[in-house]
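Read-outs throughout are calculated quantities, based only on the coordinates presented, and are distinct from any laboratory measurement. The shown structure was predicted, so the numbers you read here are calculated from the model rather than taken from an experiment. Glycine gets a Cβ as well: all are built from the backbone with ideal geometry, and neighbour counts include every protein chain shown.
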Amino acid sequence: MILSKLNRGAAALCLCLLFAAAMVAQEPGAKAIGDLGKPTFITFDVPGAGTGDGQGTLAVSVNAKAAISGFYTDPNNLYHGFVRAANGAITTFDVPGAGTGTYQGTFGGWINLEGTIAGTYYDACDMSHGFVRAADGTLTTFDVPGAGTGDTQGTYAADLNAEGAIAGYYLDGNNLYHGYVRARSGAIATFDIPGAGTGAYQGTIASSINAAGTIAGTYYDASNVGHGFVRAKDGTISTFDAPGAGTGGINEGTSEKSLNAEGTIAGFYSDANNLWHGFVRAADGTIATFDAPGAGTGAYQGTVAWSIDVGGTIAGLYLDANYLYHGFLRDSSGLAITSFEVPGAGTGTYQGTFVRSIDNSRAITGYYYDANTVSHGFLLTP
């Protein structure tokens, strides 16, 4: 989830960002994926991105045409959206109504095959709103009925499918989360998962949607423990917990991150020692867990499965024993996990390679933190 005003500025540096919304739902037509082979890295910076600690470029999502969406922080710690075309051309944008103060502005989010982007912006009062940006640059903003109007309350866009439907969540006036789905027409339906808590920062967070309209996400119960859920297009809801997930309270439990066209889910869970482990849940409900080789075994270290393609290949990141980020790719068989580092990534605490999205041609995007903890975008192609 996008964080409070103070934490938004540090979000790129802390693992609270791991609870942010998932990447774009996958498009059909994946290539066969084997090992990582000899990858090609392209790194980039958005013109105007700041070069101070915690500033820079953050790539969020890549589509099957190799277009990348995301956001950047300028030298005044103001956020702006961007889209990078396959030829490297970068277009920046700001949503009308976005605030111009510190840690306000536009957060470019998830891009589908036609080039539509969904995201979130903060206004001058630090209230959040959703937006849709068409491929031609046309911007539409929206608020979910019932969304709160206080600081960091409001509407958050979490994912966008091939049909232009958006899944996300909103924070009401009591700081309770609720899920929603917004059709391409603009019609919005809200929902809450049975068993979700009703206290502050509890409730339902929808984080991914596939082309069939199936939504997956996480809900937090009355003890602040996370659980996964799947909501079919007809509204039927199933809940699940990864084996080994902690049940002791805040920061423990199961967190869904990505849903593909086959209904397979990738995510991570936090055990009773606050150690992270990856999981993959098949459409029939079968769950397999895994750890990336080299992942640390201390609190808030471990493996985070972030994005899954249509064939079941998972891209993600892990934190080692020194809290350094590394990227990984797990093949669909689960037999091979390959780690990788972006050239130029720093080697200090909370530096390194931060993976966000994989498309169905095996292209991976995300960002890396250099030795000065400045972020830069990357594209890895096979």
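Checking [x] 15.8; [y] 22.7; [z] 20.3 against the coordinates, the calculated mean projected area of the Cα convex hull in nm² falls under label [x].
Volume per residue for region 198-281 equals 78 cubic angstrom (convex hull of Cα atoms). Positive-end ranking of GLY217, VAL181, VAL230 along the dipole of region 156-235, with charges on Cβ about the Cα centre, is headed by VAL181. The local environment of GLY253, defined by Cβ-Cβ distances under 15 Å, has a net charge of -3 under the rule Lys, Arg +1 and Asp, Glu -1. For region 157-296, the dipole from Cβ point charges (+1 on Lys and Arg, -1 on Asp and Glu) about the Cα centre works out to 320 debye, to the nearest 20. Relative to the Cα centre, the charge distribution of region 307-367, modelled as +1 at Lys and Arg Cβ and -1 at Asp and Glu Cβ, gives a dipole magnitude of about 60 debye. Taken along the Cα-to-beta-carbon direction at a fixed 7 Å, the label points for THR349 and ALA232 span 4.9 nm.
Once the Cα-Cα distance is subtracted from the 0.36 nm per residue extended length, the THR141 to THR381 segment shows a gain of 83.1 nm. Looking at the chain, how many pairs of lysines come closer than 23 Å at the Cα, when each pair is eight or more places apart or spans two chains? Counting lysine pairs in the chain gives 5.
Whole-Hz Karplus values for region 207-216 come out as 10, 8, 9, 9, 5, 7, x, 6, 10, 10 Hz, taken residue by residue from phi with 6.51 cos²θ - 1.76 cosθ + 1.60 and θ = phi - 60°; glycine and proline positions read x. Potential lengthening of the chain between THR239 and ALA272 amounts to 9.9 nm, from the contour at 0.36 nm per residue minus the alpha-carbon distance.
Think of each Lys and Arg Cβ as +1 and each Asp and Glu Cβ as -1; about the Cα centre, that makes the dipole of the chain roughly 440 debye.
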